[in-house]
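First up is the structure itself, then whatever we jot down about it.
The values are calculated or read from the model by the stated rules, or taken from the named source; none is laboratory data. None of these values were measured; they are calculated from a predicted model. Positions of Cβ are backbone-derived with ideal geometry, glycine not excepted, and every protein chain shown enters the neighbour counts.
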């Protein structure tokens, strides 16, 4: 079984092709300003023959444009190639990679932090966003994990219990209001 993994939730691109729970190809583009320029070529590099059985896309939270880019490409591939698609939040990856069951995870975008709270490996409330000042106050009374190394072995184990969805129903996780919404 081959799984194509697409993650563009923040500043980096991470495209991985797994086969039988092993990484067989990977392309990471770090901290580029215009991810749209690199995403399609990265996909072609990792999976030139378009041979995979399913797609996993990180649907947020993160950069509006980054999340939208990855989700749109993943949905398009799933629909046009008739492949199943699964979504995970980046917090799910952090949670699956962690050994402890109770966590508050944070992802920084430079202006603030996206927050995900888990208990017994289950999300306890909707994700939310704190600006840097709010986050500094919040972290005084909470233990927060920001630098979790993703353990893809654990993620792939958990992925077996994640259901595929209709590509048309895949939705990005937008938490922070964009300029036009403010």
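Name the single residue, out of those in the range 109-143 being surrounded by 14 or more Cβ atoms within 10 Å (Cβ to Cβ) and closer than 18 Å to residue 96 by Cβ, that is modelled with the lowest pLDDT.
Quick first cut of the range 109-143, residues surrounded by 14 or more Cβ atoms within 10 Å (Cβ to Cβ) only: 109, 112-118, 121, 123, 127-130, 134-135, 138-139.
Still in the list and also closer than 18 Å to residue 96 by Cβ: 114-118, 121, 123, 127.
Values: 114: 96, 115: 97, 116: 96, 117: 96, 118: 94, 121: 82, 123: 92, 127: 95.
Among them, the one singled out is 121.
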Query - When residues of the range 68-85 are limited to those that are within 16 Å of residue 36 (Cα to Cα) and in contact with a strand residue (DSSP E or B) (Cβ under 8 Å, 6 or more places away or on another chain), the one surrounded by the fewest Cβ atoms within 10 Å (Cβ to Cβ) - result: 73
**Report entry** Single residue of the range 77-91 satisfying the filter (touching a residue at least 60 places away in the same chain (Cβ under 8 Å) and part of a helix (DSSP H, G or I)) that is farthest from residue 54 (Cα to Cα)
**Finding:** 90
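Tell me yes or no: at least one residue of the range 152-163 is closer than 21 Å to residue 14 by Cα and in contact with a strand residue (DSSP E or B) (Cβ under 6 Å, 6 or more places away or on another chain). Steps first, answer last, please.
First, the residues of the range 152-163 that are closer than 21 Å to residue 14 by Cα: 152-160, 162.
Pick out the ones that are also in contact with a strand residue (DSSP E or B) (Cβ under 6 Å, 6 or more places away or on another chain) and you get 162.
The answer is yes, given that some residue of the range 152-163 is closer than 21 Å to residue 14 by Cα and in contact with a strand residue (DSSP E or B) (Cβ under 6 Å, 6 or more places away or on another chain).
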Report summary line: Restricting the range 92-101 to residues that are in contact (Cβ under 8 Å) with a residue 40 or more places away in the chain and surrounded by fewer than 20 Cβ atoms within 10 Å (Cβ to Cβ), the one farthest from residue 137 (Cα to Cα) turns out to be 97
Requested in this report: Working only within the range 144-182, note down all residues that are under 16 Å from residue 59 (Cβ atoms), assigned to a loop (DSSP other than H, G, I, E, B) and at pLDDT 90 or above.
Outcome: 150, 162, 163, 164, 166, 170, 171, 172, 173
Query raised in the report: Which of the residues spanning the range 33-60 are in contact with a helix residue (DSSP H, G or I) (Cβ under 6 Å, 6 or more places away or on another chain) and part of a loop (DSSP other than H, G, I, E, B)?
Result: 59, 60
Query raised in the report: Hey, residue 104 hits all of (1) surrounded by fewer than 19 Cβ atoms within 10 Å (Cβ to Cβ); (2) within 17 Å of the chain's Cα centre (by Cα); (3) closer than 21 Å to residue 13 by Cα; (4) modelled with pLDDT of 95 or more but one; which does it fall short on?
Result: (3)
**Report entry** the range 113-128, subset assigned to a strand (DSSP E or B) and more than 15 Å from residue 9 (Cβ to Cβ), residue farthest from the chain's Cα centre (by Cα)
**Finding:** 119
Requested in this report: Output the residues belonging to the range 129-143 that are in contact (Cβ under 8 Å) with a residue 24 or more places away in the chain, outside any helix (DSSP H, G or I) and more than 19 Å from residue 67 (Cα to Cα).
Outcome: 142, 143
